[in-house]
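First up is the structure itself, then whatever we jot down about it.
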Amino acid sequence: MITMKTIKISILSLIALIGLNSCSSDDDSTPEIINEEEVITTVEVVLTPTTGDVVTLKSIDLDGDGPNAPVLSVSGPLQAGMLYNGAITLQNETVSPAELINEEIEEESDEHQFFYQFSSNLDASVTYTDTENDYLSNGSTNPVGLTFSLQANAVASGSFTVTLIHEPNKDASGVAEGTLTNAGGERDVEQTFSITVE
């Protein structure tokens with residue numbers, strides 16, 4: 001004689017069996033590789049003159065898109081008429097030790113380019129001193145911008161903006177000259193510093 005208890009146990013066993021059979025493994029499919037964007041908290045631009053004091057521009061933004069604004073610092077003024085050798089360093093300081101993002105940019109230099117812009121009242125210019133070939137040995141003369149030269153001309157105060165573009169249109173007209181107009185891609189970093197040329 002089948003009891004109510006036996007029926008309940010049978011139903012529960014059937015439900016458990018169906019549940020186990022419905023779980024399947026995705027081992028047959030290849031997982032999609034996701035190239036996550038790097039976390040960049042710190043931007044440091046070091047400008048070394050042929051003579052005189054080194055000028056360091058630094059931005060630290062430990063909360064990323066959080067409510068706190070980046071902490072900006074500029075170590076001093078630029079000298080009018082001076083040529084500076086520039087180098088930029090990007091880091092993720094949310095981890096210890098801090099992660100140097102430059103290494104990834106070098107490994108993917110064909111997918112990155114820095115752009116340097118001055119406000120219209122500043123008489124200054126930037127020239128790239130590195131190319132993809134410096135990091136990838138691919139023969140390309142496309143610029144990257146991890147290193148550059150900066151010519152500070154007349155006395156003035158204004159803004160200097162550093163932008164890193166991921167997957168720019170490097171073949172587009174004008175991109176090699178450092179303009180964002182035709183760059184396309186996505187902005188990984190954009191930071192503006194207030195500078196003075198004396």
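Determine ³J(HN,Hα), in whole Hz, for all residues of the stretch 44-57 in sequence, where each value follows from phi through the Karplus function 6.51 cos²θ - 1.76 cosθ + 1.60 and θ = phi - 60°; x replaces Gly and Pro.
Each residue's phi maps through the Karplus curve to give 10, 10, 10, 10, 10, x, 5, 9, x, 7, 5, 10, 10, 10 Hz.
List every residue whose amide H lies under 5 Å from the amide H of Thr41, counting only residues 5 or more places away in sequence or on a different chain, with H placed 1.01 Å from N in the peptide plane.
Gln91, Asn92, Glu93
Short version: ³J(HN,Hα) in whole Hz for each residue of the stretch 142-154, in order, from phi by Karplus 6.51 cos²θ - 1.76 cosθ + 1.60 (θ = phi - 60°), x for Gly and Pro, what are they?
5, x, 10, x, 5, 10, 6, 10, 10, 9, 9, 9, 7
Give a residue-ordered list of calculated ³J(HN,Hα) values for the stretch 101-108 (Karplus: 6.51 cos²θ - 1.76 cosθ + 1.60, θ = phi - 60°; whole Hz; x for Gly, Pro).
Once θ is set to phi - 60°, the couplings for the stretch 101-108 become 7, 3, 4, 5, 5, 5, 5, 10 Hz.
Coordinate-derived values only; no laboratory data. Fair warning: this is a prediction, and the values are worked out from it, not measured in the lab.
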